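Structure, as structure tokens:
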Amino acid sequence: MEHQENSILLPKFNHHLSQLVSVDWFDIDTWKLKGAVTGQSKGRNITWFIGHQEGEWVLRHYYRGGLVAKLSKDEYFFTSLENTRCYAELVLLETMFQQGLPVPKPIAGRVTRSGFFYRNDILIEKIPNAQDLVARLQSEKLSEAGWHAIGSLIAKFHLAGIYHSDLNAHNILIDSEFKFWLIDFDKCCKKVPQKKWQLANLRRLKRSFEKESLIHEKFYFDDKSWRWLLQSYNQFAGTKFKL
């Protein structure tokens, strides 16, 4: 059996957790034994919700996608700790959180190295009383102000140089106070703001809304919704995009 080496990663502002965090935090069976699992979210893979004295957390394991997943569902080639998926997402989340952008607070990460490969997990804070836009738009319409808020939200991230590689309706949350959030920053990064990638990012989001409209019998999105979103984006970002 190959030796496994665990590295625990903590954002600087979570230093108070350094004496508490352990590898058990990333083992869902441990949380189940404690009766601390409060729910789960099923996408391509399961994401777990954990109740902790610090608040409610989200535990997510990193899985591969595409054809390479047929060879290994969750192993990545190790070059350095700084190049792991978990490290990159934690650093980006920490940066955005400290800038005041509406993202989940990062809690901790684990990288488990075995030979030339590694697996990784991340713990982040769960946004309370929130649902994703796909769920929301199946049950009720958003007002013009709501679509404007989404447009300015995306513009705010773009102006900060945040490129969300999987910008879609599932990764935008709305909470009970009508505040919008962005989640799931795996494989995302900071870039110099440029119209080319910003426009491509918006096109991706629009395709996401259109796709969900075809999937669900009831889904409150139409051309007017997108016009409101884009109008707000252009005003906030100082652009003149037409989509």
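Criterion applied to LYS218, LYS190 was being within 16 Å of the chain's Cα centre (by Cα) and either surrounded by fewer than 17 Cβ atoms within 10 Å (Cβ to Cβ) or in contact (Cβ under 8 Å) with a residue 60 or more places away in the chain (or both), and the one residue passing it is LYS190.
Of all the criteria given as (1) part of a strand (DSSP E or B); (2) surrounded by 18 or more Cβ atoms within 10 Å (Cβ to Cβ), the one not satisfied by TYR87 is (1). Of the residues that make up the stretch 155-172, is at least one under 20 Å from PHE241 (Cα atoms), of a type in the set (Gly, Ala, Ser), over 19 Å from the mean Cα position of the chain (by Cα) and not in a loop (DSSP other than H, G, I, E, B)? Within the stretch 155-172, not a single residue is under 20 Å from PHE241 (Cα atoms), of a type in the set (Gly, Ala, Ser), over 19 Å from the mean Cα position of the chain (by Cα) and not in a loop (DSSP other than H, G, I, E, B).
The residue that is nearest to LEU142 (Cα to Cα), among those in the stretch 202-220 that are modelled with pLDDT of 95 or more and not in a helix (DSSP H, G or I), is TYR220.
Candidates VAL58, VAL68, VAL37: the one that is at pLDDT 95 or above and over 15 Å from ILE122 (Cα atoms) is VAL37.
Checking ALA145, ALA160 one by one, the residue that is surrounded by fewer than 18 Cβ atoms within 10 Å (Cβ to Cβ) and over 18 Å from VAL103 (Cα atoms) is ALA145 and no other. When ASP184, ASP166, ASP175 are checked against the criterion of being out of contact with any Pro (no Cβ under 8 Å at 6 or more places or on another chain) and surrounded by fewer than 17 Cβ atoms within 10 Å (Cβ to Cβ), a single residue qualifies: ASP166. Evaluated against (1) closer than 21 Å to ILE8 by Cα; (2) assigned to a loop (DSSP other than H, G, I, E, B), VAL103 falls short on exactly one condition, (1). Out of curiosity, is GLY100 on the phi > 0 side of the Ramachandran plot, modelled with pLDDT of 95 or more and over 15 Å from the mean Cα position of the chain (by Cα)? It is true that GLY100 is on the phi > 0 side of the Ramachandran plot, modelled with pLDDT of 95 or more and over 15 Å from the mean Cα position of the chain (by Cα).
The values are calculated or read from the model by the stated rules, or taken from the named source; none is laboratory data. This one's a predicted model, so the numbers in the text were calculated from it and none came from an experiment. Backbone-built Cβ (ideal geometry, glycine too); neighbour counts: all protein chains shown.
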